[in-house]
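To keep things clear, I will list the structure first and then write my remarks on it.
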Amino acid sequence: MVFNYQYTSGAAGRPRPAVVVSGHRYQRSKADVVIVPLTSRMPRPYVGDYDLIDWASAGLPLASRAKGVIDTIERSMIQRVVGVLTPRDLDGIKRAMRTILEL
């Protein structure tokens, strides 16, 4: 999905891609979704990052990395859905999230 990113300073940002990682139960109880942002700028990986393998089949125009960042946004910030990750990439992001949270 693509959402309207806002910088932590409060300044307006530009549309950015992200993966929704919150489940249906969570989303039914809140107006928010939990996301992991994506980037195509991949100079070097950081702890918790995951390089998507099947990025093209997910509808992304460039090779992309799921950043080792977990964020929450209002559903109203979602502008459009780009595609769906393969189970392999979704599992990779879940493993990366466990690394971030040390689970």
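Restricting 53, 93 to those that are modelled with pLDDT of 95 or more, among the β-branched types (Val, Ile, Thr), surrounded by 13 or more Cβ atoms within 10 Å (Cβ to Cβ) and in a loop (DSSP other than H, G, I, E, B) reduces the list to 53.
Among the residues of the range 62-74, the ones that are exposed (fewer than 13 other Cβ atoms within 10 Å of the Cβ) and either touching a residue at least 40 places away in the same chain (Cβ under 8 Å) or within 13 Å of residue 1 (Cα to Cα) (or both) come to 2 in all. Test residue 48 against the criterion of being touching a residue at least 40 places away in the same chain (Cβ under 8 Å) and either buried (at least 17 other Cβ atoms within 10 Å of the Cβ) or among the polar types (S, T, N, Q) (or both), and give yes or no. So residue 48 passes the test. Counting the residues of the range 58-75 that are modelled with pLDDT of 95 or more and hydroxyl-bearing (Ser, Thr, Tyr) gives 1. Taking the criterion of being closer than 15 Å to residue 21 by Cα and out of contact with any Ser or Thr (no Cβ under 6 Å at 6 or more places or on another chain), the residues of the range 59-81 that qualify are 66, 68, 69, 70, 71, 72, 73, 74, 75, 78, 81.
The values are calculated or read from the model by the stated rules, or taken from the named source; none is laboratory data. Quantities reported herein were computed from a predicted structural model and do not represent experimental measurements. No Cβ is skipped: glycine too gets one built from the backbone with ideal geometry, and neighbour counts run over all protein chains shown.
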